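Peer 1: The structure is given below, and queries will be raised subsequently.
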Amino acid sequence: DHYRSWSVGALGADLDRHRHGFHVAIENWEHDFNIGSVIRNSNAFLASAVHIIGPHRWDRRGAMSTHRYLHLHHHVDVDAFVAWAAAADLPIVAIDNVDGSVPIETTVLPKQCVLLFGQEGPGVSDAALAAARAICAITQFGSTRSLNAGVASGIAMYEWCRPVSHPHLPL
């Protein structure tokens, strides 16, 4: 409600003064169903920016207009994204439940990084996994093999924001 009567420009400028040190990237998405949810989560957790790797047409309805208050960047492919991350000195942390991944809840995530998500099913591409400094999985307890990508992005961003993981964030 604090921002209810603010203009888009003023709201975005105010958010820019408080953004967190993580970026969010989405890659290997065959359908755009969850892109809006990831963008909305990125706004809710105050990500520095969102990066869409590959084709970037998506249904903005799921973002509930929050894309207007975020910095959206498009990278033509994984190589272009990895080059950008290297130039920005931001380690890539892939979020995927593949062999060799470590539980996100026991990992101290870098203060400055990019959280990279793939689509359910295909997951993060092999090329992107190879470029990641770390691969984290969200521990699950039921019978399903994976989480909805929108849900997974919210959990991972929350983990990054937890004071236990990042004592530099105010309580």
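The values are calculated or read from the model by the stated rules, or taken from the named source; none is laboratory data. Small disclaimer: the values here were computed from a predicted structure and weren't measured. So basically every Cβ, Gly included, is an ideal-geometry build from the backbone, and we count neighbours across all protein chains shown. Each accessible area value is taken on the protein alone, full model and side chains, heavy atoms only, with ligands, DNA and RNA left out. Shrake-Rupley method; radii C 1.70, N 1.55, O 1.52, S 1.80 Å.
Peer 1: For the stretch 78-120, report the convex hull volume of the alpha-carbon atoms normalised per residue, in Å³, without decimals.
Peer 2: 85 Å³
Peer 1: Could I ask something else about it? Between Asp59 and His71, with labels modelled 7 Å along Cα→Cβ, what's the label distance in nm to one decimal, could you check?
Peer 2: Placing both labels 7 Å beyond Cα along the Cβ direction yields 3.0 nm.
Peer 1: Cβ under 13 Å from Pro103's Cβ, Pro103 left aside: what net charge do those residues give with Lys, Arg +1 and Asp, Glu -1?
Peer 2: -3
Peer 1: While we're on this one: Taking a 1.4 Å probe, which of Trp84, Trp58 shows the most accessible area, and what order do the others take after it?
Peer 2: Trp84, Trp58
Peer 1: Scan the chain and hand back the longest stretch that contains none of the trypsin sites (Lys or Arg not before Pro) lying in DSSP loops with at most 11 other Cβ atoms within 10 Å.
Peer 2: Longest site-free region, per DSSP loop and neighbour criteria: 58-144.
Peer 1: Oh, and also: Please give, to one decimal in nm, the separation of the simple spin-label points placed at Ala127 and Leu46, each 7 Å out from Cα toward the Cβ.
Peer 2: The answer from the label model is 3.5 nm.
Peer 1: For the chain, what does -39500 (n - 2.57) per DSSP helix run (n ≥ 4), summed and divided by total residues, give at 222 nm, in deg cm²/dmol to the nearest 500?
Peer 2: -8000 deg cm²/dmol
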